């Protein structure tokens, strides 16, 4: 039986430029934190760990972790999330709550790369590394040690490019960030344009 791959959703930020905690922002009537959990679940990760901070959220079937140091940035949330993954999981896919256009296909591809032997796998879009990121457990201590301030796994990835397997995911979604009201408005428009038009009702 294959060992499980956990999902870790970093959702602790206050969304200072956005005006409210990103986890609570709604897109198409669905909170970004719920979209992130769905992304990881549909991508095949289990269990899912959600790291919260500025917002307190109840999530069914999710290991919810409060990061008391959320104000220090993403690094402390990465540490809190990876430290809370059950020992049964030998790898974790880390996703960000503020990238709602990322598709679950990217998570599935990272897991497939891991099953094929990759120990660190990064979703790439037209060749550019972004998110999500898969880390095998043996690399968690080093990733946590280098994650300071408002950065997550990036310093570890840059320090060990020889370990990284890039996995092209441009056809599965987009890694656009929701950092400002303008970003949110643009992404709302993208989502609305992608939804099928409603069938006209007969009069």
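Whenever a residue of segment 128-150 is on the phi > 0 side of the Ramachandran plot, its partners that are surrounded by fewer than 17 Cβ atoms within 10 Å (Cβ to Cβ) and modelled with pLDDT under 95, lying with C-beta atoms within less than 9 angstrom and at least six residues away or across chains, give the pairs 149/72. Of the residues making up segment 1-25, those that are closer than 27 Å to residue 137 by Cβ and in a helix (DSSP H, G or I) number 1. Taking the condition in contact (Cβ under 8 Å) with a residue 24 or more places away in the chain, surrounded by 15 or more Cβ atoms within 10 Å (Cβ to Cβ) and part of a helix (DSSP H, G or I), does residue 184 pass? So residue 184 passes the test.
Within segment 1-21, the residues that satisfy the criterion of being closer than 14 Å to residue 98 by Cα and either touching a strand residue (DSSP E or B) at 6+ places or on another chain (Cβ under 7 Å) or at pLDDT 95 or above (or both) are 8, 9, 10, 11, 12.
Among residues that are over 17 Å from residue 77 (Cβ atoms), loosely packed, with under 15 Cβ neighbours inside 10 Å, at pLDDT below 95 and in contact with a helix residue (DSSP H, G or I) (Cβ under 9 Å, 6 or more places away or on another chain), residue 145 is not included. Restricted to segment 26-107, the set of strands (runs of 3 or more DSSP E) holding at least 3 residues that are surrounded by 23 or more Cβ atoms within 10 Å (Cβ to Cβ), touching a helix residue (DSSP H, G or I) at 6+ places or on another chain (Cβ under 7 Å) and modelled with pLDDT under 95 is empty.
The values are calculated or read from the model by the stated rules, or taken from the named source; none is laboratory data. None of these values were measured; they are calculated from a predicted model. For neighbour counting, all protein chains shown are included, and Cβ atoms are generated from backbone atoms with ideal geometry for every residue, glycine included.
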